[in-house]
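This report concerns only the one structure given below.
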Amino acid sequence: MSPPSSDLPRDLPNAATLRVGAVQMVSTPRVDENLRSAAKHIAEAVAQGAQLVALPEYFAIMGMSDADKVRVRENDGCGPIQDFLAASAREHGIWLIGGSLPLRAGSPDKVLNSSVAYDPQGQRVARYDKIHLFGFRQGAESYDESATIEPGNQPVAFATSFGRVGLSICYDLRFPELYRALGVTELLVIPAAFTETTGRAHWEILLRARAIENQCYVLAVAQGGRHENGRETHGNSMLIDPWGEILDRKSKGPGIVIGDLQRERVAAVRSSLPALKHRVM
């Protein structure tokens, strides 16, 4: 796996704290409606002091079929969804991570499932294309993301004044080698649309494991409820600290998770248990 892209200016001033917000949604097949809902919740998070806000996977569309996202895919760098994200970041003066949106892929019947990050001036600073594509079959429930999604191949992290932020999407959570490939990060942002079946079994366990083994904060931002297409997503958006403790969570339905990241907490955990320095592989 190649080194992470989007690098990483070293002249940013250090910030001792960063307040973050995760926007949990129950997105519909209608992009305009979803963008209005996202805007409302972003504003709520900002009103509570959030300086970095993240949206879930498929925040802009949860279609009636997988092909719906292909019909609304955008060219890289332009389109109503990307324009909304840039304008929202600039308007509120925040870091904003658009959990995932469909971008044009090499194949005409597929998309890239991409997470994009914007700085407080509304400039895009990172784009991550989902590498691991979900496949699941249990009884009548089945999913095959590879039918409509083209996988990415590049880990991505970007710098903020608080520290390095690593990006991943949903099913990536099951592959710890991806997070090791990011290098040392202070925050992992993991937007998702976990199914209720797999989420109930594994979501929290895997999130806390990623926080513990990487000794960093994890901001997990999910779809959470029953969608018009019949799919039920697990929700349970949460903020986890470097010791694996859950600082805030939202179980089901639209809403926000809010909490403060503290550089002192990251340093204390890494000092008392220097596991990252003890790695031999």
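The values are calculated or read from the model by the stated rules, or taken from the named source; none is laboratory data. Since we're looking at a predicted model, the values are computed, not measured. As a convention, Cβ positions derive from the backbone with ideal geometry for all residues, glycine included, and neighbour counts pool all protein chains shown.
Per the listing L187, L173, L261, the residue uniquely closer than 17 Å to Q24 by Cβ, surrounded by 17 or more Cβ atoms within 10 Å (Cβ to Cβ) and at pLDDT 95 or above is L173.
Would a scan of the stretch 103-113 turn up a residue that is under 23 Å from G235 (Cβ atoms) and crowded, with 16+ Cβ neighbours inside 10 Å?
Step one: list which residues in the stretch 103-113 are under 23 Å from G235 (Cβ atoms), which gives 113.
Applying the additional criterion that residues be crowded, with 16+ Cβ neighbours inside 10 Å yields 113.
The answer is yes, given that some residue of the stretch 103-113 is under 23 Å from G235 (Cβ atoms) and crowded, with 16+ Cβ neighbours inside 10 Å.
Yes/no per residue for (1) hydroxyl-bearing (S, T, Y); (2) assigned to a helix (DSSP H, G or I); (3) more than 23 Å from A38 (Cα to Cα):
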position	(1), (2), (3)
L207	no, yes, yes
E228	no, no, no
W243	no, no, yes
R265	no, yes, yes
R270	no, yes, yes
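Only one residue in R279, R265, R231 is basic (K, R) and under 18 Å from F162 (Cα atoms), so which one is that? Answer to the check: R265. With respect to R36, determine if the residue is of a type in the set (D, E, K, R), over 22 Å from T195 (Cα atoms), free of Cβ contacts under 8 Å to residues at least 60 places away in the same chain and surrounded by 17 or more Cβ atoms within 10 Å (Cβ to Cβ). No: the conditions fail for R36.
Of the residues making up the stretch 141-164, those that are of a type in the set (D, E) and touching a helix residue (DSSP H, G or I) at 6+ places or on another chain (Cβ under 9 Å) are E141, E145. The set of residues from the stretch 195-234 being hydrophobic (A, V, I, L, M, F, W, C) and within 17 Å of I256 (Cα to Cα) comprises V218, L219, A220, V221, A222. For D248, the criteria (1) buried (at least 18 other Cβ atoms within 10 Å of the Cβ); (2) free of Cβ contacts under 8 Å to residues at least 12 places away in the same chain hold in every case but one, which is (1). Residues that are under 17 Å from M62 (Cβ atoms) and polar (S, T, N, Q) within the stretch 87-129 comprise S100, N113, S114, S115, listed in sequence order. For residues in the stretch 129-159 being touching a Leu at 6+ places or on another chain (Cβ under 7 Å) and not in a strand (DSSP E or B), which is surrounded by the fewest Cβ atoms within 10 Å (Cβ to Cβ)? This residue is S146. Against the condition among the small types (G, A, S), surrounded by fewer than 22 Cβ atoms within 10 Å (Cβ to Cβ) and either modelled with pLDDT of 95 or more or out of contact with any Gly (no Cβ under 8 Å at 6 or more places or on another chain) (or both), how does A201 come out, does it pass? For A201, the condition - among the small types (G, A, S), surrounded by fewer than 22 Cβ atoms within 10 Å (Cβ to Cβ) and either modelled with pLDDT of 95 or more or out of contact with any Gly (no Cβ under 8 Å at 6 or more places or on another chain) (or both) - is met.
Would you confirm whether any residue within the stretch 164-172 is in a loop (DSSP other than H, G, I, E, B), closer than 25 Å to R208 by Cα and in contact (Cβ under 8 Å) with a residue 60 or more places away in the chain?
Of all residues in the stretch 164-172, those in a loop (DSSP other than H, G, I, E, B) come to 168-169.
Going one step further and asking which of them are closer than 25 Å to R208 by Cα, we end up with 168-169.
Add one more test, that the residue is in contact (Cβ under 8 Å) with a residue 60 or more places away in the chain, and what stays is 169.
Yes, the stretch 164-172 contains a residue that is in a loop (DSSP other than H, G, I, E, B), closer than 25 Å to R208 by Cα and in contact (Cβ under 8 Å) with a residue 60 or more places away in the chain.
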